[in-house]
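The values are calculated or read from the model by the stated rules, or taken from the named source; none is laboratory data. Keep in mind it's a predicted model, so treat the numbers as computed, not measured. Cβ coordinates were reconstructed from backbone atoms using ideal geometry, including for glycine residues, and neighbour counts include every protein chain displayed. For accessibility, only protein heavy atoms count, side chains too; no ligands or nucleic acids. Shrake-Rupley method; radii C 1.70, N 1.55, O 1.52, S 1.80 Å.
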Amino acid sequence: MIENEFMMVSVLCQTYNHEQYISECLQSIVAQKVNFRYEILVHDDASTDNTANIIRKFEREYPDLIKPIYQEVNQWSLGNKVFSGIQLPRCTGKYIAICEGDDYWTDPLKLQKQVDILEGNENIGLVYAKARVYLQSKCKYADDLFGEYRASLNEMIFKGNAIPTLTAMFRREIAVEDGGLSIMVVYFWEV
């Protein structure tokens, strides 16, 4: 049940030649159980496979949720910043989540849980969790989860990537025009 008409979350989905994965990705996003409005901003960067047609199918089924851009020329190859230059300016949600076209969410309450945390504490700028990595070449999941808690933003940036992108949600106001993030406090939870 939607409590109000305010757009709470913008989900960013960048994709290029993800024909094998995009259906599962989009299905995991539209399957979210939430009590707020959210939008799915898909950017297809001129895929040469069937990715765009699959997105169009979802767009027809979920016209109020899915708002795609279908590029005719690959923007990344032109040096354009897809995330900060194209996707971020489209966001109308208070919060931003990311699920790229070759990723998917396994928890139908992911968005609701993260919004509840962010709404409950104004000092938290970003929430994330560990992720399970599927090893396609071995047809199995990796033994270890990816992602870990780091005590400071400095450690997160300079001691390796601790944040699995597909698990993150952050406040829109901390995203700056050049795509960098200024995060005051990070909340990490074990899955």
(Q) Just the residues that are open to solvent by 10 Å² or more (accessible area, probe 1.4 Å) and either of a type in the set (Phe, Trp, Tyr) or under 11 Å from Glu100 (Cα atoms) (or both), please, taken from segment 37-49. (A) Tyr38
Q: Give just the number: which of (1) open to solvent by less than 20 Å² (accessible area, probe 1.4 Å); (2) at pLDDT 95 or above does Gln87 not satisfy?
A: (2)
Q. Within segment 106-125, can one find any residue that is within 14 Å of the chain's Cα centre (by Cα), acidic (Asp, Glu) and open to solvent by less than 70 Å² (accessible area, probe 1.4 Å)?
A. yes
Q. Residues in segment 53-72: is at least one open to solvent by 60 Å² or more (accessible area, probe 1.4 Å), of a type in the set (S, T, N, Q), at pLDDT 95 or above and not in a strand (DSSP E or B)?
A. yes
Q: Could you please let me know if Ala46 is modelled with pLDDT of 95 or more and in contact with an Asp or Glu (Cβ under 8 Å, 6 or more places away or on another chain)?
A: yes
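Does Ser28 fit the bill of being polar (S, T, N, Q) and touching a helix residue (DSSP H, G or I) at 6+ places or on another chain (Cβ under 8 Å)? Give the steps one after another, and end with the answer.
On the way: polar (S, T, N, Q): yes; touching a helix residue (DSSP H, G or I) at 6+ places or on another chain (Cβ under 8 Å): no.
Considered against the rule, which asks whether it is polar (S, T, N, Q) and touching a helix residue (DSSP H, G or I) at 6+ places or on another chain (Cβ under 8 Å), Ser28 comes out as no.
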